[in-house]
Amino acid sequence: MKKIVITAANGFLGASLCNHFSTNYEVIALVRNLLPNKKNITYVKWDGKTLREWKDHLDGAHALINLAGKSVDCRYHDENKRLILQSRLDSTRILGEAIKLCVNKPKVWINSASATIYAHSLEKPNSESSHKIGEGFSVDVCQQWEKSFFDFNDLPLRQVALRTTIVLGNEGGAFPVMQKLTRWFLGGKQGKGNQMISWIHIEDFNRAVEHVLEHEEISGVINIGSPNPMRNRDFMKKLQKACKRPFGLPATKGMLEFGAKIIKTETELILKSRFIEPERLKESGFTYSFPTIDDAFTDLIKA
């Protein structure tokens with residue numbers, strides 16, 4: 001059985017990937033806080049910045065999937081900004097150094113990235129071949145993160161950076177909060193409501209990562225998202241319908257800024273228009289189990 005090493009394996013995406021790959025692979029799950037081992041999943045402690053015994057598990061591994069980095073769901077004060085950036089750079093750097101020490105190096109290194117790197121766009125989607133890079137703190141983090149990853153271009157392996165959109169699942173991320181607010185009749189449009197939401201169902205995210213892993217022709221950056229992004233106001237209307245709510249109170253920008261301070265997050269996560277075209281994923285033959293938001297909500301929302 002081939003071995004895969006996955007970092008941040010107790011987070012929302014990491015835990016889901018571990019369970020997904022454990023069917024056909026031996027999974028080494030790198031975590032800061034150990035969990036009980038499961039079938040084909042072995043948890044190994046690491047801190048994301050120093051070389052220790054965990055590095056031995058990379059030797060002979062088929063693949064490395066790195067998802068490590070402090071959550072961006074926080075207030076962007078100076079210390080959090082430092083941690084957001086440094087956690088991504090440190091984990092990427094130390095993994096590259098660990099790979100260099102391997103006798104039998106992994107065949108592929110998949111590193112998390114973010115579709116936030118693209119510019120706010122209301123009308124034209126950002127694909128891998130036609131796009132505009134944005135500006136600001138979050139974009140700077142994305143650019144430095146990808147640079148630190150691709151700076152290891154002398155390693156004899158395939159490298160892929162996942163520019164992932166919003167992942168919808170019931171076990172974590174933004175969706176449980178969105179669903180709860182909608183059930184409380186607070187799920188109206190946010191801000192002007194014309195910003196685009198690019199999204200992907202958690203199962204399609206898992207399958208897309210596996211697709212990238214198995215298709216050797218895929219390298220460089222790739223957008224991970226549904227082929228059907230939609231405007232915030234339409235997304236929220238669909239969510240209201242799925243939750244069997246006749247309406248949802250809208251939230252102005254000012255209301256969102258006030259609420260963001262209370263729950264210690266940033267409005268950028270809601271108000272930035274993320275309009276992503278998963279061009280390379282589609283061209284490489286990936287098929288979606290949940291291509292539309294109706295498909296996704298039908299699966300995720302149980303009345």
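Quick look at the numbers
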item: Distant-in-sequence amide H partners of Thr164 (H built 1.01 Å from N, under 5 Å); result: Ala113, Ser114, Ala115, Ile224
item: Backbone N within segment 160-200 under 19 Å of label point (7 Å from Phe247 Cα along the Cβ vector); result: 181-193
item: Rule-of-thumb Rg ratio for segment 126-228 [Cα; 2.2 N^0.38 Å; N residues]; result: 1.29
item: Low-density loop positions, trypsin sites (Lys or Arg not before Pro), segment 258-296 - DSSP coil, at most 12 other Cβ in 10 Å; result: Lys264
item: 0 to 90° range, to nearest 10: angle between helix 137-150 axis and the chain longest Cα axis; result: 20
item: At R0 = 45 Å, FRET efficiency that the Cβ-Cβ distance of Ile262 and Glu216 yields, to 0.05; result: 0.40
item: The chain pair-distance distribution - Cα-Cα, 20 Å bins, rounded %; result: 33, 59, 8, 0
item: Degrees between helix 253-263 axis and first principal axis of the chain (Cα, 0 to 90, nearest 10); result: 50
item: Pairs from Lys107/Lys272; Lys70/Lys241; Lys2/Lys39; Lys55/Lys147; Lys39/Lys147 whose Cα-Cα separation, in the structure shown, is over 24 Å; result: Lys107/Lys272; Lys70/Lys241; Lys39/Lys147
item: For segment 34-151, radius of gyration divided by Kirkwood radius, i.e. Rg to Rh on alpha-carbons; result: 1.02
item: Residues Met196, Met255 arranged by fewest to most Cβ contacts within 10 Å; result: Met255, Met196
item: Two-site label geometry, Lys147 and Asn104: point separation in nm, points 7 Å out along Cα→Cβ; result: 3.7
item: Length-normalised contact order for the chain - Cα pairs under 8 Å, 6+ apart - percent; result: 18
item: Distance in nm between pseudo-label sites at Leu51 and Leu186 (7 Å out along the Cβ direction from Cα); result: 4.9
item: Relative contact order, percent, segment 1-139 [alpha-carbon distance under 8 Å, six or more residues apart]; result: 21
item: Proxy reagent accessibility, fewest Cβ within 10 Å first, across Tyr25, Tyr76, Tyr118, Tyr43; result: Tyr76, Tyr43, Tyr25, Tyr118
item: Sequence-separation-based contact order of segment 82-148, relative, with Cα cut under 8 Å and 6+ spacing, percent; result: 40
item: Under-5 Å amide H pairs with Gln159, H placed in peptide plane, nonlocal only; result: Trp109, Gly220
item: Summed residue charge, Cβ within 15 Å of Leu83's Cβ, Lys/Arg positive, Asp/Glu negative; result: +1
item: Per residue, the convex hull volume that the Cα atoms of segment 168-253 enclose (Å³); result: 108
item: Residue exposure sequence - Asp295, Asp47, Asp78 - by fewest surrounding Cβ within 10 Å; result: Asp78, Asp47, Asp295
item: With Cα atoms, 0 to 90° folded angle of helix 202-214 axis to the chain main axis; result: 30
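Taken together, the values in this text are just the output of simple stated rules run on the coordinates, not laboratory data. Since the model is a prediction, treat every value here as computed from it, not as a measurement. So basically every Cβ, Gly included, is an ideal-geometry build from the backbone, and we count neighbours across all protein chains shown.
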